[in-house]
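The values are calculated or read from the model by the stated rules, or taken from the named source; none is laboratory data. All of these numbers come straight from a predicted model, not from anything done at the bench. Heads up, the Cβs are rebuilt from the backbone with ideal geometry, glycines too, and the neighbour counts pull from every protein chain shown. Side chains included, ligands, DNA and RNA excluded: accessible areas come from the protein's heavy atoms. Shrake-Rupley method; radii C 1.70, N 1.55, O 1.52, S 1.80 Å.
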Amino acid sequence: MLARSMSGNYVNFGVFGLYGDPALKDALEMTFKLVMSIPLYDIMAFRKLSRAYFSLLEVLAHSQTTILVMQTTILAMQSMEAGLKCLDVAISSSCASAVDNLAGFYFRNVVKGGDGMSPQAGTRQMAEHIRVAPHLFPEVLKTLFEVVLFEECSNQWALSRPMLSLILINEQIYNDLKAQIIASQAPDRQAHLSSCLDKLVTDVDRNLDSKNRDKFTQTLTVVRHEYRSKS
C-alpha cells in the first residue's frame, strides 16, 4: 500500500518536510523496522512478499532516496544483490532500478561532491555506509556482470542501467573486478572475454547523462552478443 501510494503521484509528499510534518518520515521509519525484522531468506521464499518488498525499495530509492540512505543502505543493498539473481523479471528489474538510484546518488554527491554548494541530505550517511561496507557496490556490480554476460535474461536493458554508475564510482575496483571475471572463465575463453570487456567503456564519458548512459547500454548489448556468439 505504501509503495503504491508513493508511486502513484497521488500526493505531493514534499509538503510534509516543508511544513515540518513528521508523518511520512515516521511511517517510513516504522516500515523499515518492520521489513528489516524479516529474514532475507523468508522474503525470498515467498514470491508475493518479495515482489512487494522490492517494489517498495524501488519506489523509495527513486523518490525518497535521502530517507532510504539514512536508514538502511547496507541491508537494502544486500537484499538487492539477492534480488538481482532472482528469476522473477519483475523483482530483478525493481532491484536494478533501486541500485541505479542509490549508486547514482553516491556518484553525484560523494564522488563528484554534489553541486559545490551545501551537501545534499544523506550524503554523509551514504559515505559512511560505504566506508563501513566497501564491498557493497563491487559485489553488486559483479553480480550484474555475471547475470548479463553469462545467463539468459529477458530484462538485460533494465539490469544494465545501474552498471555505469557502479563502474564510475571506482574505476580501479572495476578493473580489478574485470580481471576476476575473466579469470573465472575457461582458459580458452579468457582472451576473447578480455577483448570484449575492453570495448565496454570505450568512448563512454565519465558522467551519468542520459545520452551517455544509453551509449553504455548499447555498447554492453554489443559486447554481450559478441561474447555469447562465440561461446
*Angle in degrees between helix 89-106 and the longest Cα principal axis of the chain, rounded to the nearest 10*: 80
*Within segment 131-216, report the trypsin sites (Lys or Arg not before Pro) that DSSP leaves as loop and that have at most 15 other Cβ atoms within 10 Å.*
K199, R206
_Quick check: pseudo-label points 7 Å beyond the Cα along Cα→Cβ at Q218 and M36, how many nm apart are they?_
4.2
*Mind checking the log10 I(q)/I(0) for segment 159-202 at q = 0.20, 0.27 Å⁻¹? Debye, one equal scatterer per Cα, no solvent, two decimals.*
-0.67, -1.03
*Where does helix 171-183 land angle-wise versus the long Cα axis of the chain, in degrees 0 to 90, nearest 10?*
50
*asked:* Need one number: nm distance between label points at A179 and D203, each 7 Å from Cα along Cα→Cβ, rounded to one decimal.
replied: 2.8
*Average projected area [Cα convex hull, segment 88-142], square nanometres*: 4.3
*Give the carbon-plus-sulfur fraction of the accessible surface of segment 22-107 in %, rounded to a whole number; probe 1.4 Å, heavy atoms of protein chains only.*
63
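May I ask you to derive the relative contact order of segment 7-106, considering only C-alpha pairs under 8 Å and at least 6 residues apart, and to give it as an integer percent? Don't jump to the answer; show the numbers that get you there.
Numbers: 66 pairs, mean separation 26.3, N = 100.
Once normalised by length, the contact order is 26 percent.
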*Please work out the average accessible area per residue across the chain, using the 1.4 Å probe convention, and give it in Å².*
53
*asked:* Restricting to lysines 8 or more places apart or on different chains, can you count the pairs in the chain with Cα atoms under 17 Å from each other?
replied: 7
